[in-house]
Amino acid sequence: MADNKRAPVGGNKPKPGGNNPKTAVSAKDRSRQQSRPVTAKAAGRGGPSRAGRGGSGPSGGRPPVKGKPGARPKGPSGAFMAWGAVAVVIVVIVVLVVVKVTGGSNSGSSGTPVPVTPASASVVTAVTGIPQSVYDTVGVTSPSVPVTAPIVLSGQQPLTIGGKSPAMLYYGAEYCPYCAAERWAMTAALSRFGTWSGLKVTASGKGSSAGPEPYPATNTFSYRSASLASPYITFKGIEQYTNIPNPNGAGYTVLNNPTKAEQAIITKYSSPTYVPNATAGQTAFPFVDINNSVLVSGASFSPGVLAGLSHAQIANGLSDPNNPVTQAIVATANYISAGICAATKGQPTAVCQSSGVQAATKALKLG
């Protein structure tokens, strides 16, 4: 997945050979299966592909048969051999074209990464201004797109970031399609507790030297320079990798590494002790820690539902509670909001007492 020493998994455990997830697997387990640890990404998957080596054409014709002046040689004629050489050249050219078109190089990339640019005001307004009626109508119900609830912990010390508590920590990467899906819900949920600034838009990665990505170019936000001003919760977002393949090695280029204190939190709470089915030494992208009491490890819903949709199409659909994409995003946002409300002791009341958040609170058994 990337070129760093720790093993985050883009929703992530070591990725099996194929890129298409099994439909019977939940979105969260699917994201863990398909993300790759840093060590696996660094190792790559196989060497460069090789086109077949066509032999050169045969040498000149045989001498006439002795004792039979003018006898023709028994081997292929010069014209036949000439056409044979031409055919070999054509075959080699066709093979090279096919290799090129199908991505036969060892880069694994399938196109130029989508750049990171400022989010448009209309997209930000649509995502941060989802009507309360939509939150309440959806609750945690998403019939068409299954949504996995977060993990609830008990008995942990509140999370502190920069000396402030309660706090919420997000750890992911711009190339990660599972983070791409989760950011839509996180951006919406956190806007209920504060005001965003510096939001960017981009899309998940298309592929690197480790191979193509599942759900390539899923449109999303980036938290690389985003901040949340909130009187209720302190938020820290870490995008460890870009969506740009590393030109000098495997995986993607590094953007921001966690601090030592942040890494300690990530290591502790992404372990099998707190995350069922986790693998020691690996962290699922995305990883979200809400005050050490509610965890998201891997995707809450499949990024596949966002395939082919622009930022504007996703954002503009968020006013429709019957839209399956909206249901997945809003149900996830209500779960995240319930986790934050548990951390803020029910503040602000207008959010935490809303029927959508109360449905999530009840489902998570937080109150």
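So which residues in region 323-345 are open to solvent by less than 20 Å² (accessible area, probe 1.4 Å) and free of Cβ contacts under 8 Å to residues at least 60 places away in the same chain, if there are any at all?
If the condition is that a residue be open to solvent by less than 20 Å² (accessible area, probe 1.4 Å) and free of Cβ contacts under 8 Å to residues at least 60 places away in the same chain, then A338, C341 are the ones that fit.
Among residues belonging to region 222-238 that are farther than 19 Å from C341 by Cα and of a type outside the set (G, A, S), point out the one that is most open to solvent (accessible area, probe 1.4 Å).
R224
Consider S209 against the criteria (1) more than 14 Å from the chain's Cα centre (by Cα); (2) at pLDDT 95 or above: it satisfies all of them except one. Which criterion is unmet?
Of (1) more than 14 Å from the chain's Cα centre (by Cα); (2) at pLDDT 95 or above, only one is false for S209: (2).
Consider region 257-299. How many of its residues are touching a strand residue (DSSP E or B) at 6+ places or on another chain (Cβ under 9 Å), in a loop (DSSP other than H, G, I, E, B) and either of a type in the set (A, V, I, L, M) or open to solvent by less than 10 Å² (accessible area, probe 1.4 Å) (or both)?
7
Give the residues of region 150-168 that are touching a helix residue (DSSP H, G or I) at 6+ places or on another chain (Cβ under 6 Å), assigned to a loop (DSSP other than H, G, I, E, B) and of a type in the set (A, V, I, L, M, F, W, C), sorted by residue number. Quick ask: steps written out before the conclusion?
Residues of region 150-168 that are touching a helix residue (DSSP H, G or I) at 6+ places or on another chain (Cβ under 6 Å), as a first pass: 150, 152, 166.
Checking the rest, the ones that are also assigned to a loop (DSSP other than H, G, I, E, B) come to 150, 166.
Selection gives nothing.
So L309 passes all but one of these: (1) of a type in the set (A, V, I, L, M, F, W, C); (2) open to solvent by 10 Å² or more (accessible area, probe 1.4 Å); (3) assigned to a strand (DSSP E or B); (4) in contact (Cβ under 8 Å) with a residue 40 or more places away in the chain. Which condition number does it fail?
L309 satisfies every listed condition except (3).
Within the set of pairs 6 or more residues apart or between chains, which connect a residue that is of a type in the set (D, E) inside region 126-153 to a residue that is part of a loop (DSSP other than H, G, I, E, B) with Cβ atoms less than 8 Å apart?
D136/S354
Let me confirm something: among A210, A226, A173, which residue is among the small types (G, A, S), touching a residue at least 12 places away in the same chain (Cβ under 8 Å) and within 30 Å of Q132 (Cβ to Cβ)?
One residue alone meets the criteria, A226.
The values are calculated or read from the model by the stated rules, or taken from the named source; none is laboratory data. None of these values were measured; they are calculated from a predicted model. Cβ coordinates were reconstructed from backbone atoms using ideal geometry, including for glycine residues, and neighbour counts include every protein chain displayed. All accessible areas refer to the heavy atoms of the entire protein, side chains included, with ligands and DNA or RNA removed. Shrake-Rupley method; radii C 1.70, N 1.55, O 1.52, S 1.80 Å.
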